[in-house]
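Colleague: Structure incoming, see below.
Each value in this text was obtained by applying a stated rule to the coordinates, not by laboratory testing. Note that the structure is a prediction, hence the values are computed from the model and not measured. All Cβ positions, glycine included, derive from the backbone under ideal geometry; neighbour counts span all protein chains shown.
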Amino acid sequence: MWIWSWVKRNNINIKSYEMKKKIFIVSGGSSDIFQNLIKENYFKSSKIIATYNSSKDLIKSKNITYIKLDFTKNLNFKKYEKIFKNYKKIVLVNFASNKTNKIFLDINNNDFIKDFKINTLSYFNICKFIIPFMIQNNWGRIINISSTGGEKGDIGTTTYTSTKLAANGVTNVLSKEFARFGITSNTIRLGNFKTGMYLNLNENLKKKILKEIPSGKTGKIINIYKAINFIINSDYTNNAYINIDGGYR
């Protein structure tokens, strides 16, 4: 009952009305994975609002609007409300990620706070901003991008692993609180692709990882797009963990 009270208190109208088609809001738009998806034209027919912080080499496209945001600072989304009011279907894909590579005893509070703000708090804040629009539309998709390796933990990943798992916890709760409004919340756990963090690993570690993948190879970017598309088109996939990791554990 408390959710319905919140809806009435905030004057949210959940009846459908004439609006434009689907829009994506992508958190962490400068991530190598997302940039490769754009490079391969997988989202060429979709309107995209992508946030980023410091990247200089963003792939430009007529359907993408980039917004520079510093997730380590307080975020104010009010000025972007007009963009989303005209769209009936909103998809949030959270690629935002930061990894501090330090062993446990070398980590300080600032390291932890930085990773928490980027990996967890930014996701929380964007969800708080966008969910009221999804409720009004009676439709929404929240897709949190995580990683198999990051979640299982490894040497030097204390802040990354704990903050990504915290984001998963947010996703789990959202799936229960807002499913009644046609909003699904799911997590895609990625394995190893020839991009991003994997490319920064030394050769010995890469060989070790490949030995732990049954097929002995890294993944193709198209599989990520297929998983995102599946979630968008499935109204009964909710609170799911979809692994795209080739069986890597």
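Colleague: Quick check: is even one residue across region 153-171 over 15 Å from the mean Cα position of the chain (by Cα), exposed (fewer than 14 other Cβ atoms within 10 Å of the Cβ), in a helix (DSSP H, G or I) and free of Cβ contacts under 8 Å to residues at least 24 places away in the same chain?
Modeller: no
Colleague: Being surrounded by fewer than 15 Cβ atoms within 10 Å (Cβ to Cβ), closer than 30 Å to Tyr42 by Cα, among the charged types (D, E, K, R) and in contact (Cβ under 8 Å) with a residue 24 or more places away in the chain narrows it down to one of Lys68, Lys89, Lys117, Lys85, so name that one.
Modeller: Lys85
Colleague: Which of (1) acidic (Asp, Glu); (2) touching a Ser or Thr at 6+ places or on another chain (Cβ under 9 Å); (3) farther than 29 Å from Asn233 by Cα does Glu151 not meet, given it meets every other one?
Modeller: Among (1) acidic (Asp, Glu); (2) touching a Ser or Thr at 6+ places or on another chain (Cβ under 9 Å); (3) farther than 29 Å from Asn233 by Cα, Glu151 violates only (3).
Colleague: For region 105-118, state whether one or more residues are assigned to a helix (DSSP H, G or I) and within 12 Å of the chain's Cα centre (by Cα).
Modeller: Within region 105-118, one or more residues are assigned to a helix (DSSP H, G or I) and within 12 Å of the chain's Cα centre (by Cα).
Colleague: Please pick out the residue among Phe230, Phe193 that is of a type in the set (Phe, Trp, Tyr) and over 18 Å from Ser97 (Cα atoms). Reasoning before the result, please.
Modeller: Numbers: Phe193 fails: over 18 Å from Ser97 (Cα atoms).
So the residue among Phe230, Phe193 that is of a type in the set (Phe, Trp, Tyr) and over 18 Å from Ser97 (Cα atoms) is Phe230.
Residue by residue, here is whether (1) among the aromatic types (Phe, Trp, Tyr); (2) closer than 23 Å to Phe24 by Cβ; (3) touching a strand residue (DSSP E or B) at 6+ places or on another chain (Cβ under 9 Å) holds:
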| residue | (1), (2), (3) |
| --- | --- |
| Lys176 | no, no, yes |
| Phe193 | yes, yes, yes |
| Asn202 | no, no, no |
| Lys211 | no, no, no |
| Ala227 | no, yes, yes |
| Ile231 | no, yes, yes |
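Colleague: Could you check region 149-204 and list, in sequence order, the residues that are of a type in the set (Lys, Arg) and within 30 Å of Gln136 (Cα to Cα)?
Modeller: Across region 149-204, the qualifying residues are Lys164, Lys176, Arg180, Arg189.
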